[in-house]
1. How large is the direction-averaged shadow of the alpha-carbon convex hull of segment 24-69, in nm²?
2. Mind pulling the angle between the C-alpha long axis of helix 69-94 and the longest principal axis of the chain? Nearest 10 degrees, somewhere in 0 to 90.
3. For helix 6-33, what angle does its Cα long axis make with the longest principal axis of the chain, in degrees from 0 to 90 and rounded to 10?
4. In 5 Å bins starting at 0, how do the alpha-carbon pair distances of the chain split up by percent?
5. Given 37 °C and 0.692 mPa s, how large is the Stokes-Einstein diffusion coefficient of segment 37-96 in µm²/s, with Rh as the Kirkwood radius over Cα pairs?
6. To the nearest 500 deg cm²/dmol, what mean residue ellipticity at 222 nm is calculated for the chain from DSSP H runs of n ≥ 4 alone, each contributing -39,500 (n - 2.57), summed and divided by the residues?
7. Over the chain, with every protein chain in place, what whole percent of the accessible area is carbon and sulfur at 1.4 Å, could you tell me?
8. Keeping all protein chains in position, work out how much accessible area residue 16 exposes to a 1.4 Å probe, and write it in Å² to the nearest 10.
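The values are calculated or read from the model by the stated rules, or taken from the named source; none is laboratory data. In this text the structure is predicted, and so the values were computed from the model without any measurement. Each accessible area value is taken on the protein alone, full model and side chains, heavy atoms only, with ligands, DNA and RNA left out. Shrake-Rupley method; radii C 1.70, N 1.55, O 1.52, S 1.80 Å.
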Amino acid sequence: MHPLSPITWLIHLASVAEWAIALVLIWRFAAASGEPRWRGVAWAMAPALLGSLMVLTHHALANDPALDWLGTAHASAILGGNCALAAAAWRLAAAPSPGAAAAPGAGAAQ
């Protein structure tokens, strides 16, 4: 395989940095909002970040054929992360809205 161009490296590194920043911001949002389910979203983002670091390592080492297993590990991490993100999103969506129980007429048939 051929090495990545500088612009491709820039895009790859920027994407990984963006994902890491988003993970940290979601973690902080969980703390600020007092909603621990958001921490689950941050944890679910971690496998994709790990997978991205695996593929960057493969590229950084000139796509050494001895490290082709990193491609499979990357794909597995992305699959696991996507499943975890789906579960975290489901958990958030299924959670009752804050203050819903205190709203007038809550639970009453309309």
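1. 3.5
2. Helix 69-94 sits at roughly 10 degrees to that axis.
3. On a 0 to 90 degree scale, this one is about 20.
4. With 5 Å bins starting at 0, P(r) equals 2, 11, 15, 17, 14, 11, 9, 7, 5, 3, 2, 2, 1.
5. Stokes-Einstein gives a translational diffusion coefficient of 267 µm²/s.
6. Estimated from H runs of four or more residues: -25000 deg cm²/dmol.
7. With neighbouring chains kept in place, the figure for the chain is 72 percent.
8. The accessible area comes out at roughly 20 Å².
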